[in-house]
Amino acid sequence: MRIGQLAQLVGVETQTIRFYEQQGLLSPPDRQDNRYRVYTEKHGEELAFIRRCRILGLSLAEIHELQSYQDDPHQPCTAVNALLDDHISHVRSQITALQALEKQLVSLRARCNDDREVKACGVLAGISEGNMHQQQVRHQPDNPMSCRFVSLSCRGKINHLIGLPDIS
């Protein structure tokens, strides 16, 4: 099948497939005489695995490492478990940072509980003062779950990376 057919089958954009190929996560397809890529069912399975890993927030490096374990299925699972334990620890630290952010936002929102003119808005004044402690999730471009504040625009990027439609 061609790249467009694979993209439609798995539910991703063609550029996502090319990106994963360039990153070495998707095995290189054969090419026809006209240089068109020819994908197989195996590519669909690889792509589905990558998407599931991305949904779990795994980085491209972590996915590559997991794929290397798949290539040697007779080795013990200890390395896979260690990788997942590290990822769980990272997710927990992100949750802690997001909970701190939530408290900060709730506190900021409490500064303006009535119908005032914008010039008297406690929220805008609080942001402008800059006295609030900035607690941000550490941004790691390779990890879709680490986008600062998980904003709507970031969620769109996450959805794009894992092949989901952008709903922002």
- For region 43-49, just list the computed ³J(HN,Hα) in residue order, Karplus coefficients 6.51, -1.76 and 1.60, θ = phi - 60°, integers in Hz, with x standing in for Gly and Pro. 5, x, 5, 4, 5, 5, 4
- Message: What distance in nm lies between label points placed 7 Å from Cα along the C-beta direction at residue 41 and residue 75?
- Response: 2.8 nm
- Fewest to most Cβ atoms within 10 Å: 53, 112, 77 sort as 77, 112, 53
- Query: Taking K and R as +1 and D and E as -1, what net charge do the other residues with C-beta under 12 Å from the C-beta of residue 26 add up to?
  - Reply: +1
- Query: Tell me, in nm to one decimal, what length is gained between residue 64 and residue 13 on full extension, where the rule is 0.36 nm per residue of separation less the Cα-Cα distance?
  - Reply: 16.3 nm
- Item | Summed side-chain charge close to residue 49 - residues other than residue 49 whose Cβ falls under 14 Å, Lys, Arg +1, Asp, Glu -1 | -2
- Task: Report the net charge of residues surrounding residue 14, where surrounding means a beta-carbon distance below 13 angstrom and charges are Lys +1, Arg +1, Asp -1, Glu -1.
- Result: +1
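Only the coordinates and a few stated rules stand behind these numbers; no lab work does. Just so it is clear, the model here is predicted, and its values are computed rather than measured. Methodologically, a virtual Cβ is constructed for each residue, glycine included, from the backbone with ideal geometry; neighbour enumeration extends over all protein chains shown.
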